[in-house]
1. Using the charge dipole of the protein assembly as shown (Lys, Arg: +1 at Cβ; Asp, Glu: -1 at Cβ; taken about the Cα centre), state which of A:Q79, A:F121, B:I223 has its Cα farthest towards the positive end.
2. For A:L112, go 7 angstrom from Cα along the Cα-to-Cβ vector, then report the distances to that same point in the other copies in nm, smallest first.
3. In region A:147-230, what GluC sites (Glu not before Pro) fall in a loop by DSSP, with at most 14 other Cβ atoms inside 10 Å?
4. Please compute the per residue accessible area over region B:12-148 with all protein chains in place, 1.4 Å probe, rounded to a whole number of Å².
5. With solvent modelled as a 1.4 Å probe, how much accessible area in total do chains B and A shield from it at their shared surface, in Å² to the nearest 100?
6. Taking only C-alpha pairs under 8 Å that are 6+ residues apart, what is the relative contact order of region B:12-148 in percent?
7. Per-residue Cβ counts within 10 Å, from other chains only, averaged over A:91-101: what number is that?
8. In Å, what is the Rg of the alpha-carbon atoms in region B:69-206, and how long is Dmax?
Protein chains: 2
Amino acid sequence: MPHTSRYQSHDKHYVAIDSIIFGFDDDTLKLLLIKRKFEPCKGCWSLMGGFVAANESVDEAADRILEELTGLKDIYLEQIHTYGEVNRELDARVISVAYYALINIKDYDEELGRSHGAEWFSIDEIPPLIFDHGEMVGKAMRRLKRKTIIQPIGFELLPEKFTLSQLQSLYEAIHQQNFDKRNFRKKILSMEVLTQLNEKDKVSSKRGAYLYKFDKDKYDYLIANGSFFVLK
Amino acid sequence: MPHTSRYQSHDKHYVAIDSIIFGFDDDTLKLLLIKRKFEPCKGCWSLMGGFVAANESVDEAADRILEELTGLKDIYLEQIHTYGEVNRELDARVISVAYYALINIKDYDEELGRSHGAEWFSIDEIPPLIFDHGEMVGKAMRRLKRKTIIQPIGFELLPEKFTLSQLQSLYEAIHQQNFDKRNFRKKILSMEVLTQLNEKDKVSSKRGAYLYKFDKDKYDYLIANGSFFVLK
DNA sequence: GTTAATGGGTGTAAATATAACACTAATTAT
DNA sequence: ATAATTAGTGTTATATTTACACCCATTAAC
């Protein structure tokens, strides 16, 4: 008997992706949700999702589905958990792998989003969500908080050039707490992964604030040499 | 058209569990591996695994599979990651959800394990593993290290009653580093989740060392009231 | 052109947490 | 009696974290 037949006695399952898509705008952390256009629960708010196809990896499916909604490629995406309760969806058994994505809200394709019924919600004004999506969002938030303490992934949510005040607002939005300005700047600059530019942003202040960019090469170098990024 | 038909255009997949089973014995952190009894790669070392059935949740499948190998129920099991590369196994496309388990090695059913070709390996003498199982073990180790810093799950690996020296050995094995005895005891006792018993363990010393047990109720109470367990 | 308003930028001291360190105690085996 | 073994205990130095307040540069309004 060919050994492949060993598999045939087992059950197969639909495997889906659900994406928790974070963006940052207006000093607020936001979440992209879609209004379901089909039953069950047509009209409910839901995370963006889709099914894993036979010819793509689970990670690839997550990338593809994110691109379908936002038009964006090469986005920071991280798997958080797989939800496998038998009855977690109503009509069929679907095992869902949840990912969270960090996108720069300015790059997001609003047209495309609208065509999917997508809308941004402030993180503290999330409507009730279908199935176990609320739980997924909670887990993603906790993961994001934890992760931004030990890895500078928060930068993914900002434009390439940003001021220290913007960065602080972002961290405050993620951690839902205020940080002391002097301590924050001291700490973030002491990590030596930001490069100060010879440009100022004058949008939010009259004096103008220096723009910085994240130096990924330097970050990678430091990590490779055993340094460790710890915020807070 | 009934909305259930929406699902029918999607692919279904085999979904498996792979379990990274940690135990602690002889001052060493160990891993339970099985020698494969079937192709592909018969004779290779592998993690314990199995398939998720239609009538059970993914977590239930993980429990069931662990019980099949160890005879143990109600074991600490935590999902770590889902591995979804198309060709990660050789014969068929299998999406695998990895879990790690912490078991008290004394409770483990050796007979049953042997019948599955299972053997314990010291964490620093792990043989090459099949497929992406080595990667899974690495991720589980990192997760265990991190988790034991912020949550007292390490206790799952010890008998109900243990000495502070045993606990320290366990933490040293998990973190692969030595801790200062006085600092370790100070810190662990200051968390106030250990109860000292009126019994001594005389196995490992002539003088005898006080036995302690983990006070889960107190721990839950402290967590519920916002305290936070932080080792190190 | 003076002034008011706005967000930008900076240093120090106190408090807390972490890390380093060495001897005595109790028991058993010889 | 004594040698060997693991248990148990406090203090000081160092590093990290927190708290805290004023001047700066520019623009807009008068």
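The values are calculated or read from the model by the stated rules, or taken from the named source; none is laboratory data. Everything quoted here is computed from the prediction, not taken from an experiment. When we count neighbours, we look across all protein chains shown, and the Cβ atoms used for this are built from the backbone with ideal geometry, even at glycine. Surface areas here come from the heavy atoms of the whole protein model, side chains and all, with no ligands, DNA or RNA. Shrake-Rupley method; radii C 1.70, N 1.55, O 1.52, S 1.80 Å.
1. Result: B:I223, furthest along the dipole toward the positive end.
2. 5.1
3. Values: sites: A:E156, A:E160, A:E172, A:E192, A:E199; in loops: A:E160, A:E192.
Of the GluC sites (Glu not before Pro), the ones in loops of region A:147-230 whose Cβ has at most 14 other Cβ atoms within 10 Å are A:E160, A:E192.
4. Numbers: 5580 Å² over 137 residues.
Accessible surface, normalised per residue, equals 41 Å².
5. Numbers: alone 13440 and 13480 Å², together 23340 Å².
Accessible area lost upon association: around 3600 Å².
6. After rounding, I find 34 percent.
7. Working: counts 6, 6, 6, 2, 8, 0, 5, 1, 0, 0, 0.
Going residue by residue through A:91-101 and averaging, the value is 3.
8. Every Cα atom of region B:69-206 included, Rg and Dmax give 17.8, 57 Å.
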